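Undergrad: Following this message is one structure expressed as structure tokens.
Only the coordinates and a few stated rules stand behind these numbers; no lab work does. Keep in mind it's a predicted model, so treat the numbers as computed, not measured. Quick reminder, even Gly has a Cβ in these numbers, built from the backbone with ideal geometry, and neighbours come from all protein chains shown.
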Amino acid sequence: MTTQPIDTSEIPVGAATVARERRGHRHPWVERLLPFASVLALFIILSVASPYFLTVQNLSAVARQTAVITIIALGMTLIMISGGIDLSVGSVMAFAGICGTLLLQQGVPLVVALLGAVAAGGAWGLVNSGLITLLRVSPFIATLGTMGAARGLTLVMTNGMPIVRLPDSFGRLGDGNIARIVPVPLAILAALALVTGFVLKYTRLGRYAYAMGSNPDAARYSGVSIRFYTMATYVFAGALTGLAGMIESSRLMTGQPTAGQGYELSVIAAVVIGGGSLSGGEGSVTGTIAGALLTGLIANGSNLLGVSPFWQQVVIGTVIVLAVAVDELRKRSRCS
């Protein structure tokens, strides 16, 4: 008995849509596992190619370096799921790091300084969301403008000079270990990943973010407050960026006004490689972590193998283009 192809032209619109979605989602697990398979393959290749890769010192360095990018990428995941983007994360990270280290330099307790940096990052998120929702500026243009504004204000505050003479206890945030094994930044990342995953899966903010990214008009007609939840996503992402700025400053033991330059590319790459879509409506915490780890391994492996850092940028840029191209092809196959 032969199976005849389904003629969707004679099926009601709703049923035809379901048929197309079933064909497009025939093997969704392949898409979810692809970033992790890439990480595993690269891990094995680097283990064979360099005798220094599997050392405790190197893996610890990779974890600490990747943690900063990944923490920012968690917030970017929420933004991109909702259909937005944030190009200001590198500048906001530097601004928040400077605010926090200035507080430390004045003798403020570490917890208060951390809260100050988180508040500074959240404030820039509020500015970004205000430009987008109140002035109707596109997220790309709005955050491109705040990227320059935040960087300029940071340089004005410091006169272009780093913040030094910080308390020794501050260094434990970026270089300390828990039980002498787990790097502190990695433990913070794990906690924030759980929080972000919970937000995406079990809260209105997460559900509405997917709705706004998939179909903003339908979300609006369904009674979703686009303005409020857009503000919430950008403030949440800005707060995470502020915390990442303090971790980066702790690793360097200075507040650098030039910190975070080019981080926006690495952060967006992590989300896109992990399955996030620039069109919105797609993305996950686990995928973003895999994408960030992949970019971190590329950078670390390039350094171990003596590859020029300029070629690292070429590789990451190429990976972004390929990931976006694959995403577009996947969407077209779903609609065909």
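Undergrad: Sort the following peptides by mean Cβ neighbour count (other Cβ atoms within 10 Å, averaged over residues), highest first: 242-250, 311-319, 290-298, 275-283.
TA: On the way: 242-250: 29.4, 311-319: 14.1, 290-298: 24.4, 275-283: 20.9.
Sorting 242-250, 311-319, 290-298, 275-283 by mean packing, highest first, produces 242-250, 290-298, 275-283, 311-319.
Undergrad: Still on this structure, please answer the following. Dipole of region 52-260 (Lys/Arg Cβ +1, Asp/Glu Cβ -1, origin at the Cα centre): which of Ala232, Thr158, Leu102 lies farthest to the positive side?
TA: Positive-most Cα among the choices belongs to Ala232.
Undergrad: Which one, Ala142, Val48, Ser82, is farthest towards the positive end of the dipole of the chain when Lys and Arg carry +1 and Asp and Glu -1 on their Cβ?
TA: Toward the positive end, the furthest listed residue is Ser82.
Undergrad: Amide H neighbours of Ser50 under 5 Å, at least 5 residues apart or on other chains, H built in the peptide plane: list them.
TA: none
Undergrad: Between region 50-107 and region 243-290, how far is it from one alpha carbon centroid to the other, in angstrom?
TA: Answer, in whole Å: 6.
Undergrad: Give the residue from Ile178, Thr133, Val111 lying farthest towards the positive end of the charge dipole for region 52-260; charges sit on Cβ (+1 for Lys and Arg, -1 for Asp and Glu) and the dipole is referred to the Cα centre.
TA: The one lying farthest along the dipole's positive direction is Thr133.
Undergrad: Starting with the fewest neighbours, write out Met212, Met76, Met157, Met93 ranked by other beta-carbon atoms found within 10 Å of each beta-carbon.
TA: Placing the least packed residue first, the sequence is Met157, Met212, Met76, Met93.
Undergrad: Okay, moving on. Within the chain, which whole H helices from DSSP have a Cα span along their axis of at least 18 Å and a mean Kyte-Doolittle hydropathy of 1.0 or more, if any? Mind showing how you got there, number by number?
TA: Values: long enough: 28-49 (32 Å, 1.72); 56-81 (35 Å, 1.51); 89-105 (24 Å, 1.70); 110-133 (34 Å, 1.72); 139-158 (28 Å, 1.10); 184-202 (27 Å, 2.01); 226-252 (39 Å, 0.79); 285-304 (28 Å, 1.11); 309-335 (40 Å, 0.55).
Once both thresholds are applied, what remains is 28-49, 56-81, 89-105, 110-133, 139-158, 184-202, 285-304.
Undergrad: Can you tell me the dipole magnitude for the chain around its Cα centre, using point charges on the Cβ only (Lys, Arg +1; Asp, Glu -1), in Debye to the nearest 20? Show your work: numbers first, answer last.
TA: Values: 21 positive and 13 negative charges, 78 e Å.
I would put it at about 380 debye.
Undergrad: Pick from Ser266, Ser91, Ser214: which residue has the top mean-square fluctuation in a GNM of the chain where Cα pairs under 10 Å get a spring?
TA: Taking springs between Cα atoms under 10 Å, the residue moving most is Ser214.
Undergrad: Here is a further query. With a sphere of radius 14 Å drawn around the Cβ of Ser129, what net charge do the other residues whose Cβ falls strictly inside it have (Lys, Arg +1; Asp, Glu -1)?
TA: Numbers: positive: Arg136, Arg227; negative: Asp86.
Result for the neighbourhood of Ser129: +1.
Undergrad: Could you list which residues have their amide H under 5 Å from that of Gly176, counting only those 5 or more apart in sequence or on another chain, with H placed in the peptide plane?
TA: HN-HN under 5 Å from Gly176: Val184.
Undergrad: If the elastic network links every pair of Cα atoms under 10 Å, which of Thr230, Thr66, Thr203 fluctuates the most in the Gaussian network model of the chain?
TA: Thr203
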